[in-house]
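Peer 1: There's a structure below that I have some questions on.
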Amino acid sequence: MGEALAEARLSLVDGDVPVGAVVLDPEGRIVGRGHNRREAEHDPTAHAEILALRGAAASAHSWRLDGHTLVVTLEPCAMCAGALLQARIPRLVIGAWDEKAGATGSRWDLVRDGRIGAKVEVVSGVREAECAALLTEFFEARRG
């Protein structure tokens, strides 16, 4: 989660919501990294998770990321949850929950929805206070 938090802080450079993600291969090595780049790239799909998954797929030379783990500072949205499922990621580690738009256990739970055969292990609350504080500080400064 420390590496994902470091990625999240990089989002601040472009004024984007500080969310970071890393993908670990089955041996625990980081093979994909990402942080929100929607503002920098003018791209609504440039979420941390999507960018980390793209990097991991390039590293694996495959879109199938069986045995990999996605670690992200904020619970994934529906788009990112869908991408996680498409990549066949079996494990998700979350820092803070997203009660507004989360799609992996709070608002919705796409990654464990039996109707689509989803069976992703979700580990939540990892360094939750740090992940949440980064987001709170960002939004308080914007409202300030």
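The values are calculated or read from the model by the stated rules, or taken from the named source; none is laboratory data. Keep in mind that this is a model prediction, so the values were computed, not measured. Note: ideal-geometry Cβ built from the backbone for every residue, glycine included; neighbour counts use all protein chains shown. Calculation scope for accessible area: heavy atoms of the full protein, side chains included, ligands and nucleic acids excluded. Shrake-Rupley method; radii C 1.70, N 1.55, O 1.52, S 1.80 Å.
Peer 1: Would you check which residues across region 1-16 are without any contact (Cβ under 8 Å) to a residue 60 or more places away in the chain, outside any helix (DSSP H, G or I) and surrounded by 16 or more Cβ atoms within 10 Å (Cβ to Cβ) and list them?
Peer 2: D16
Peer 1: Say whether the condition of being basic (K, R), closer than 15 Å to E49 by Cα, in contact (Cβ under 8 Å) with a residue 24 or more places away in the chain and open to solvent by 80 Å² or more (accessible area, probe 1.4 Å) is met by at least one residue in region 118-131.
Peer 2: No, that holds for no residue.
Peer 1: Further question: Kindly list, by first and then second residue, each pair from a residue in region 49-64 that is within 15 Å of Q86 (Cα to Cα) to a residue that is among the small types (G, A, S) and assigned to a helix (DSSP H, G or I), limited to pairs with Cβ atoms under 6 Å and residues at least 6 apart or on different chains.
Peer 2: These pairs meet every condition: I50/A83; L53/A83; W63/A57.
Peer 1: Going by the conditions given, is I89 out of contact with any helix residue (DSSP H, G or I) (no Cβ under 6 Å at 6 or more places or on another chain), of a type outside the set (G, A, S), in a loop (DSSP other than H, G, I, E, B) and surrounded by 22 or more Cβ atoms within 10 Å (Cβ to Cβ)?
Peer 2: Details: out of contact with any helix residue (DSSP H, G or I) (no Cβ under 6 Å at 6 or more places or on another chain): yes; of a type outside the set (G, A, S): yes; in a loop (DSSP other than H, G, I, E, B): yes; surrounded by 22 or more Cβ atoms within 10 Å (Cβ to Cβ): yes.
Taking the combined requirement at face value, the residue satisfies it.
Peer 1: Which residues, counting only those in region 93-144, are touching a strand residue (DSSP E or B) at 6+ places or on another chain (Cβ under 8 Å), of a type in the set (A, V, I, L, M, F, W, C) and more than 21 Å from L5 (Cα to Cα)?
Peer 2: L110, V111, V120
One line per residue, one yes/no per condition, for (1) within 20 Å of E128 (Cα to Cα); (2) in contact (Cβ under 8 Å) with a residue 12 or more places away in the chain; (3) touching a helix residue (DSSP H, G or I) at 6+ places or on another chain (Cβ under 7 Å); (4) basic (K, R):
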{"position": "L70", "(1), (2), (3), (4)": "yes, yes, yes, no"}
{"position": "L85", "(1), (2), (3), (4)": "no, yes, yes, no"}
{"position": "A96", "(1), (2), (3), (4)": "yes, yes, yes, no"}
{"position": "G105", "(1), (2), (3), (4)": "yes, yes, no, no"}
